[in-house]
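The values are calculated or read from the model by the stated rules, or taken from the named source; none is laboratory data. Every value quoted in this text rests on a predicted model; they were computed, and no experiment measured them. All Cβ positions, even for glycine, are placed from backbone atoms using ideal geometry, and neighbour counts span all protein chains on display.
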Amino acid sequence: QKEVEQNSGPLSVPEGAIASLNCTYSDRGSQSFFWYRQYSGKSPELIMSIYSNGDKEDGRFTAQLNKASQYVSLLIRDSQPSDSATYLCAVNRSGNTGKLIFGQGTTLQVKP
Amino acid sequence: KAGVTQTPRYLIKTRGQQVTLSCSPISGHRSVSWYQQTPGQGLQFLFEYFSETQRNKGNFPGRFSGRQFSNSRSEMNVSTLELGDSALYLCASSSQGGKETQYFGPGTRLLVL
């Protein structure tokens with residue numbers, strides 16, 4: 001079992017729709033959770049960090065964390081073609097060191 | 001604030017050579033983590049430096065090493081390059097490390113021939 005799992009996709013949604021990206025993790029003691037967006041040929045760019053159970057909203061993005069189910073998700077409302085990218089889920093297990101464990105990423109395609 | 005910078009941006013080396021990559025963190029950030037990204041393995045943690053000390057290390061051979069200077073700038077070195085070392089090498093900085101948010105630099109793309 002991989003430590004952080006994501007569906008590789010591609011996830012295809014029409015412009016204006018809600019895109020839902022999911023991530024599960026294996027270490028119940030994980031401390032912090034991050035969503036990064038990576039365009040082809042570029043480096044990861046932070047979208048959202050979340051540390052406690054519940055929802056966290058930032059503009060069109062909402063991250064949801066459920067530690068009991070070991071599940072973190074990212075919702076993108078009013079999806080735009082510019083949102084087409086690979087979305088990486090990252091987990092910091094220990095909280096003591098800066099070691100992030102990444103999922104393989106989900107490729108999102110937003111069609112005009 | 002300026003972001004994380006990495007030099008060089010692109011490198012071509014041959015097997016057996018060694019390479020040194022440099023990373024300058026965001027001003028005021030003391031933690032630098034290094035990652036390797038390949039199509040097959042994805043993003044994998046190499047090591048983290050905080051206050052000139054290696055705080056954690058990933059599952060990479062000893063050919064991969066790093067260091068951090070008193071101004072928080074970091075370098076990583078790969079000796080005796082292998083074809084499989086071809087990858088995008090990313091560094092990320094955060095203020096104190098730990099569970100804080102990490103911000104990535106643009107990466108160094110290394111091709112080993």
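The single condition from (1) touching a Leu at 6+ places or on another chain (Cβ under 7 Å); (2) under 27 Å from residue B:37 (Cα atoms); (3) polar (S, T, N, Q) that residue A:8 fails is (1). Annotation: of all residues in segment B:25-59 being among the hydrophobic types (A, V, I, L, M, F, W, C) and in contact with a Leu (Cβ under 8 Å, 6 or more places away or on another chain), the one that is farthest from residue A:96 (Cα to Cα) is B:43.
Those strands (runs of 3 or more DSSP E) of segment B:27-113 in which 3 or more residues are closer than 21 Å to residue A:93 by Cα occupy B:31-38, B:42-50, B:53-57, B:87-94.
Taking the criterion of being touching a Phe, Trp or Tyr at 6+ places or on another chain (Cβ under 6 Å) and either of a type outside the set (Val, Ile, Thr) or on the phi > 0 side of the Ramachandran plot (or both), the residues of segment A:66-86 that qualify are A:70, A:74, A:85.
In the set (1) farther than 18 Å from residue A:96 by Cα; (2) surrounded by 17 or more Cβ atoms within 10 Å (Cβ to Cβ), the condition left unmet by residue B:63 is number (2).
Filtering B:10, B:35, B:89 for residues that are aromatic (Phe, Trp, Tyr), surrounded by 19 or more Cβ atoms within 10 Å (Cβ to Cβ) and in contact with a Ser or Thr (Cβ under 9 Å, 6 or more places away or on another chain) leaves a single hit, B:89.
Scanning segment A:30-56 for residues that are surrounded by 15 or more Cβ atoms within 10 Å (Cβ to Cβ), in a loop (DSSP other than H, G, I, E, B) and in contact with a Pro (Cβ under 9 Å, 6 or more places away or on another chain) yields one hit, A:43.
Entry remark, segment A:11-29: residues being exposed (fewer than 12 other Cβ atoms within 10 Å of the Cβ) and modelled with pLDDT under 95 number 2 in total. Given the structure, is residue B:22 in a strand (DSSP E or B), touching a Gly at 6+ places or on another chain (Cβ under 6 Å) and of a type in the set (Gly, Ala, Ser)? No; evaluated as a whole, the condition is false for this residue.
Return the residue satisfying two criteria in turn: it lies in segment B:74-90 and is more than 9 Å from every other protein chain (Cβ to nearest Cβ) and within 24 Å of residue A:38 (Cα to Cα), and of such residues it is farthest from the chain's Cα centre (by Cα). The qualifying residue farthest from the chain's Cα centre (by Cα) is B:84.
Restricting attention to segment B:24-51, the residues being without any contact (Cβ under 8 Å) to a residue 40 or more places away in the chain, more than 24 Å from residue A:87 (Cβ to Cβ) and of a type in the set (Phe, Trp, Tyr) number 2.
Here is a yes/no grid of residues against (1) in contact (Cβ under 8 Å) with a residue 60 or more places away in the chain; (2) within 13 Å of chain B (Cβ to nearest Cβ):
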residue: A:63; (1), (2): no, yes
residue: A:66; (1), (2): no, no
residue: A:74; (1), (2): no, no
residue: A:81; (1), (2): yes, no
residue: A:93; (1), (2): yes, yes
residue: A:99; (1), (2): no, yes
residue: A:112; (1), (2): yes, no
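Residues in segment A:78-112 that are of a type in the set (Ser, Thr, Tyr), more than 10 Å from the chain's Cα centre (by Cα) and farther than 27 Å from residue B:95 by Cα: A:79, A:82, A:84, A:107.
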